[in-house]
1. What does the extension gain come out to for Asn128 and Arg59, with contour length at 0.36 nm per residue minus their alpha carbon separation?
2. So which of Lys95/Lys136; Lys116/Lys136; Lys48/Lys74; Lys116/Lys144; Lys74/Lys116 end up more than 25 Å apart by C-alpha?
3. Report the label-to-label distance for Glu143 and Glu93 in nanometres (one decimal), using points 7 Å from each Cα along the Cα→Cβ vector.
Amino acid sequence: MKSSRLFRLFVWGGLLFFAMSCAAKKTTVQTPPPETQAKMEKVSVVQKITFTEEENYTRIHIEGSATMAPPFYKLLTDPLRIAIDVPNIDLREIKEPIKVDNGTVGEVVTTQYDDKGRIEIGLTQVANYNISKEDKNLIIDIEKVKKGQRNILWTETP
């Protein structure tokens, strides 16, 4: 009897010791260095949005004051447009829509949210496009659709 009581005492004591040692460990939270935080939080102010007409495409050039974060973009319908969301960007200096009206691109509209900005490029019909980021600039090339030519929008199905 005494040996089983002694055995239980050792088991419970061991469990108690184990639980206490686990609870005593402190977890540390690592924060990035201050210079990394400043880089992540720096807002690029869009100073101007311009467009140029090339033979086969329209180029929309968005010029910022600092390096822009990578954009997120998608083609939306109803109305047909390219929506580009950019984190840490200030679009408030762009007051009016930019009218293009070239048969493929209608106008460029900006919207400011708390933590991001949205640039919407209205399309008159589906067109191929390419978005590239070059330091302080965002460049969108939209292929011009020739009369009689139809582009087909391909979508992936899961």
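Each reported figure results from applying straightforward, stated rules to the coordinates on display, with no laboratory input. All of these numbers come straight from a predicted model, not from anything done at the bench. Positions of Cβ are backbone-derived with ideal geometry, glycine not excepted, and every protein chain shown enters the neighbour counts.
1. Between Asn128 and Arg59, full extension yields 23.6 nm more.
2. In this structure, Lys116/Lys144 exceed 25 Å between Cα atoms.
3. Simple spin-label model gives 3.4 nm for this pair.
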